[in-house]
1. So, in the stretch B:96-118, exactly how many residues are within 14 Å of another protein chain (Cβ to nearest Cβ), of a type in the set (D, E, K, R) and either touching a residue at least 12 places away in the same chain (Cβ under 8 Å) or outside any helix (DSSP H, G or I) (or both)?
2. Do you know which residues across the stretch B:70-95 are acidic (Asp, Glu) and more than 8 Å from chain A (Cβ to nearest Cβ)?
3. How about the stretch A:127-143: which of its residues are crowded, with 19+ Cβ neighbours inside 10 Å, out of contact with any helix residue (DSSP H, G or I) (no Cβ under 7 Å at 6 or more places or on another chain) and within 13 Å of chain B (Cβ to nearest Cβ)?
4. Mind checking which pairs have a first residue in the stretch A:125-140 that is under 29 Å from B:LEU72 (Cβ atoms) and a second that is of a type in the set (Asp, Glu) and in a loop (DSSP other than H, G, I, E, B), Cβ under 9 Å, 6 or more apart or different chains?
5. On the basis of being over 20 Å from A:GLU162 (Cβ atoms), touching a residue at least 60 places away in the same chain (Cβ under 8 Å) and more than 7 Å from chain A (Cβ to nearest Cβ), does B:ASN64 make the cut?
6. Between a first residue in the stretch A:6-26 that is in a helix (DSSP H, G or I) and a second residue that is at pLDDT 75 or above and acidic (Asp, Glu), which pairs have beta carbons less than 7 Å apart while being 6 or more apart in sequence or on different chains?
7. Looking at the stretch A:144-168, which of the residues that are loosely packed, with under 15 Cβ neighbours inside 10 Å and without any contact (Cβ under 8 Å) to a residue 24 or more places away in the chain is farthest from the other protein chains (Cβ to nearest Cβ)?
8. Could you go through the stretch A:222-235 and let me know if any residue there is within 16 Å of the chain's Cα centre (by Cα), modelled with pLDDT under 95 and aromatic (Phe, Trp, Tyr).
Amino acid sequence: MASGEGGPDWKDTAKWLWDNKDWVLAELNRLRSKLFGKGKTPEECRVLVIGPGGVGKTTTARLLSGDFDSLLDIPGPYQESLLLESFALRDDPGVELIVPPGQAHRRDATWTTIQSDIAAGKFRGVILISSFGFHSLGEISYKQHRLYQGDPAKFFSEYLAERRADELAVLKSLAPFLKSSPRKIWMLNLVTKQDLWWSQQAIVERHYREGDYGRLVTSIGAGLGHANLRVEFVFASLVISNFVTGAGEQLAATEGGYDGRLQVNSIKRFWETLDALQRWEES
Amino acid sequence: MTPQRENEELQFAKTAVSLLKEYSAKLDRYRDEAQLLVERSKDSRIPRQLIHQDFFIIKHSCENLSRALEHLARQISQRIEHGQLGDTERLELQIRLADFENNLLRTQEFFNLAVSKF
């Protein structure tokens, strides 16, 4: 796992993780295997994993399908998904994870059907992913970005703000369809890349729970009613990695003090929240 | 945007369009050649082994090219999403990229199906 400057004592963290590896893996597997019930139709089992490009949708789906182990696998460079992807939940292959591409210019082609399917009750849940604006830049230099005017720091600040606005735009685009869902549905707002904004945890939580984003989430809930919509927020780091563009330029480092233990606990919270949502579905 | 940047963006758009056209046509040719071999394989007078060999050479060439073409598609997509392209250039690239990616997918699906005929 990569770390920024002034990072934790990796020997202690690595030793803790190694000494407790069996327990950690067993806990994660136990939660994962309880995740989605059996005996449902294929459509009733679908989960949508959606969000802007570069927030970690494919990584999340790979984690849920068992293709990616956040403890053992080294994260590769960001690769934009060109097509809608489908994964099967590792411990219950009948559960399909649908991951549409997130770039704005791709949404017309792939999201229209997805939105209709939400309104038609063809998803049991939606994992809506954001990352406080830290959307990975793929095969492009930040100097080629339309916001870049010569000052890297100013650029990055504006970039994060623009990307957060897109996160809100994504939620707005889904809201009317969620409100129209004819069946129980849950929404898990997963805010990733905690390792990059860890020192701003309070600000980040306020941004999503109380700001424009939170108010919109509340209005969706008011539209459907609490019996039919359950909303959760999870703040996590699926991988620990500096923010590096596809051209190899580092724009942000992982924050000092954010270590493997915090990461594992954040992923555990993710699994536990999914577990709770499953129990809510069955209640 | 400075005139130099504007010129760079225009140049990128021009090159990208040209590449998308060129390689879309190449994918069409690969499919046509492979389809011809599939048809010829039904003729029992022609040694099957030779057709089989030619088919897999084309398939292998196409697979190698596809990896590089996906890389090209990602680069263009990121410029559409984040770059400093003008509205017209962005729109044209968006349309051509969508068409190109459809062609790439169609070609991959064609070879996946065609291979079962051998």
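The values are calculated or read from the model by the stated rules, or taken from the named source; none is laboratory data. Just so we're clear, the structure is a prediction, and the values are computed from it rather than from any experiment. Don't worry about glycine lacking a Cβ; one is built from the backbone with ideal geometry, like all the others, and counts go over all protein chains shown.
1. 4
2. The answer is B:ASP87, B:GLU89, B:GLU92.
3. A:SER136
4. A:SER136/A:GLU80; A:LEU137/A:GLU249; A:GLY138/A:GLU80; A:GLU139/A:GLU80
5. In short, no.
6. Filtered contacts from the stretch A:6-26: A:THR13/A:ASP259.
7. A:ALA153
8. No.
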